[in-house]
Amino acid sequence: MLETIQQSVKHHDQYQIEIKLDYELHADQKTRYQIATYFFVPQSLGITPQTYPRQTFYQDVQSHIRLKTPSLNLREFTESDRSPLRMIEKLVQQGDWVSQTAVHDQIITQMKLLSAMLKSALREHFILIERRVAEVQATPHGKTHYLVHNLVDEFITEAARFAERYRALLADFNLPNVPPAVFTAFLFTDESISILLEESAVEMFQIVNEYLKKTNREDYKLALSELTTREAKYRKTRGYESILLENSDNETYLYRASILKKYASSVLFLNTDVQPDGKYWEQLILSFAAGLAMVFATAVAFYFQLQFGNFTLPFFIALVVGYMFKDRIKEISRIVFAKQLENYLFDRRIVIRTQDGKHRLGVLREKVRFIQEREVPLSVLRARNRDHITDISNEGRGEKIICYTKEIELQIKNAEKVLPGFPEITGINDILRFDVRHFLNKMAEPTQERFVIRNDELVSLMCHKVYHVNLISRYKTVQPDVRKENRQLRLILDQDGIRRLEKVPQ
C-alpha cells in the first residue's frame, strides 16, 4: 500500500462492510489523493442504472471523517509528556484550575483522548503480537519467541500501572467545587478504561492459551484471570453497570460499552458540510441549452417571416414547429453537455472543518457512475483478471461496473492553534460503511439440495449458493508526489447477506 494511504477492510455486520482509509497529513503542506473503487457486479443481480440510481448508492453509503488517533505505546501513557494522562495531571496541579472554564474543556478533551488513544494502543499491541507469532510460525520448527513473552509481560505490567495512575486522580475530581461535566467525564473515562483492559486481557488470554508453551502458559493465564476479575470487581464497587453476567443477555453491558466508545471517539470527529457539487456548472449548462434552443426557434421564425411575411399561415406553422423543437433541443443539449462534463464534475462536495466549525481542514468530492469496460483503466482490468467461469456466469455479457470516485484535498495550517491540546496529528481517517442489501434482491435461495450416488443409494447433499462481487480500489497520490496502486477485495454474498471477505493477492 502507498505509504501515504493505508486501508483496512472488515466485516462490520451481516449486511455492511467497513472500509477505513487513513490519509497522511503533512504539516503546512497541501496533500491531494484520488481513490476510485470499481464494483464488478454479476449480471444476475440485476444491478443497473435504472434499478440502482446514484441516490440509492449514497443511501447505502455511510461515511465518517475524523482525525487519526494519535499514537502512543502502552509504556508511554505513564512516561511520555505527549500522554493525555500526563497532561491531565499537569492541569489539575494548577492551583486555580477549578475556576477556569478553559481548563475544564481541556481536561474533558484530554480524558476523551486518553480513552481513544488507549484503545488504539492496545490494538497496535495485539497486531504486533500477531506479527511476532507469524514470524515464529514461518520458521522451520518454530517455537514461541521470547519477544512474544515480552509483549505479554508488557501488557500485564503497563495495564496495572496505567489503571493505578488514572484512578489516583479521583481525589482531585471528587471535590464539591469541581464542575459536574468534568467529574462525569472522569467517571465515563474510568469505566471505559476498565472495560478496555478487561476485554484486552480476555483477548490476551486466548493468545496465551493457543501459542505459549505450557511451562509459561499457566502463570500468564493466572495473571490475566486476576486482571479481568480485578477490573470487573472494580466496576461493580464503583457502581458502574457494565458488568458481564452469566445467564443474562448482557444488554446493559453492550449498550454502555458502545456509548462509552462513541463518547471517547467523539473528540476526533470532524465537522462535515455536504453540498451538491457543480451546481453552478449545472445552471450554466441549462442556460446554454436554453440559449441554443432559442437560437433555433428565433432563426426559424425570422426565416419564415422574411419569406412569407407576418400574419400568414406558413409563418404561423413555423412558429408552432419552432416552439415544438425548441423544448426538445433544450433537453437534448442539456443531456449532451452534462454527459461531456460528467468526467470533470462530482456529485457531492464535503467541506471538512474542526468540530467547532472555525477552521477548514480540507474538501472531499465524490461521484458514482455506471461505466463501460472500455472506460476502466488497464491496470484495474488486469487485476480483475476474469476467468471463463465468470464470463459464463454472466452469459458472456461481462459484468456491470460501478465506479465510485473520491478526491480529497487536505491542508492543516498551524496545528497547535487549530487543534489546541492535541498530540501531533499525522492523518485523517475516512470510515465508509457500505450496505449490500440492494444487491440481495435477485439472489436465489442460499441452500440448495443435490444428490449423489453412494453404494448404490441416493445421498442428499446440501450446497450453498453464493455470488461474487469484486471490488478493486485504485489509489493515487497527486500531491506531494504522484504514485498509484491497486488493491482487490472479493465480497462473497448470499441471500442472507455477507458470507465472508477475501483479499485477492496481486
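Among the residues of segment 407-426, which ones are in a loop (DSSP other than H, G, I, E, B) and over 22 Å from residue 116 (Cβ atoms)?
Narrowing segment 407-426 to residues in a loop (DSSP other than H, G, I, E, B): 411-414, 419-426.
Those that are in a loop (DSSP other than H, G, I, E, B) and over 22 Å from residue 116 (Cβ atoms): 411, 413, 414.
Looking at segment 31-60, which of its residues are of a type outside the set (Gly, Ala, Ser) and closer than 18 Å to residue 475 by Cβ? Please lay out each step first, then the result.
Initially, segment 31-60 is screened for residues of a type outside the set (Gly, Ala, Ser), giving 31-35, 37-43, 45, 47-60.
Result: 31, 32, 33, 34, 35, 37, 38, 39, 40.
Given the conditions (1) modelled with pLDDT of 90 or more; (2) under 20 Å from the mean Cα position of the chain (by Cα), and given that residue 400 satisfies all but one, which numbered condition is not satisfied?
Going through (1) modelled with pLDDT of 90 or more; (2) under 20 Å from the mean Cα position of the chain (by Cα) one by one, residue 400 breaks only (2).
For residue 248, only one of the following conditions fails: (1) among the small types (Gly, Ala, Ser); (2) farther than 17 Å from residue 125 by Cβ; (3) part of a helix (DSSP H, G or I). What is its number?
Condition not satisfied by residue 248: (3).
Taking the criterion of being under 30 Å from residue 103 (Cα atoms), of a type outside the set (Asp, Glu) and not in a helix (DSSP H, G or I), would at least one residue in segment 179-201 satisfy it?
Start the filter on segment 179-201 by keeping residues that are under 30 Å from residue 103 (Cα atoms), which leaves 179-197.
Filter once more, so that each one left must be of a type outside the set (Asp, Glu): 179-189, 192-197.
Checking which are not in a helix (DSSP H, G or I) leaves us with 179.
Yes, segment 179-201 contains a residue that is under 30 Å from residue 103 (Cα atoms), of a type outside the set (Asp, Glu) and not in a helix (DSSP H, G or I).
Out of all the residues in segment 137-149, is one or more out of contact with any Ser or Thr (no Cβ under 6 Å at 6 or more places or on another chain), closer than 27 Å to residue 70 by Cβ and modelled with pLDDT under 95? Even if it seems obvious, please write down each step before you answer.
The initial filter retains those residues of segment 137-149 that are out of contact with any Ser or Thr (no Cβ under 6 Å at 6 or more places or on another chain), namely 137-149.
Right, trim to closer than 27 Å to residue 70 by Cβ and you get 147-148.
Among the residues that remain, those that are also modelled with pLDDT under 95 are: 147-148.
Yes: one or more hits.
With (1) closer than 20 Å to residue 200 by Cα; (2) in contact with a helix residue (DSSP H, G or I) (Cβ under 8 Å, 6 or more places away or on another chain) as the list, and residue 123 as the residue in question, which single condition is left unmet?
The single condition residue 123 does not satisfy is (2).
Residue 83 fails exactly one of the following numbered conditions: (1) surrounded by 21 or more Cβ atoms within 10 Å (Cβ to Cβ); (2) assigned by TED's automatic domain parsing to the domain that holds residue 414. What is the number of that condition?
(2)
Which of the residues that make up segment 228-271 are closer than 23 Å to residue 354 by Cβ and either surrounded by 15 or more Cβ atoms within 10 Å (Cβ to Cβ) or of a type in the set (A, V, I, L, M, F, W, C) (or both)? Don't jump to the end; show me each part of the working.
First, the residues of segment 228-271 that are closer than 23 Å to residue 354 by Cβ: 261-271.
Across segment 228-271, the qualifying residues are 261, 263, 264, 265, 267, 268, 269, 270, 271.
With the requirement that a residue be acidic (Asp, Glu) and not in a helix (DSSP H, G or I), what does segment 208-245 give you?
First pass over segment 208-245, keeping only residues acidic (Asp, Glu): 210, 218-219, 226, 231, 241.
Of everything in segment 208-245, just one residue is acidic (Asp, Glu) and not in a helix (DSSP H, G or I), namely 241.
Yes or no, residue by residue, for (1) assigned to a loop (DSSP other than H, G, I, E, B); (2) at pLDDT below 90; (3) under 19 Å from residue 165 (Cα atoms); (4) not hydrophobic (A, V, I, L, M, F, W, C):
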residue	(1), (2), (3), (4)
23	no, yes, no, yes
33	no, yes, no, yes
72	yes, no, yes, no
89	no, no, yes, yes
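The values are calculated or read from the model by the stated rules, or taken from the named source; none is laboratory data. For clarity, every value in this text was computed on a predicted model and none was experimentally measured. All Cβ positions, even for glycine, are placed from backbone atoms using ideal geometry, and neighbour counts span all protein chains on display.
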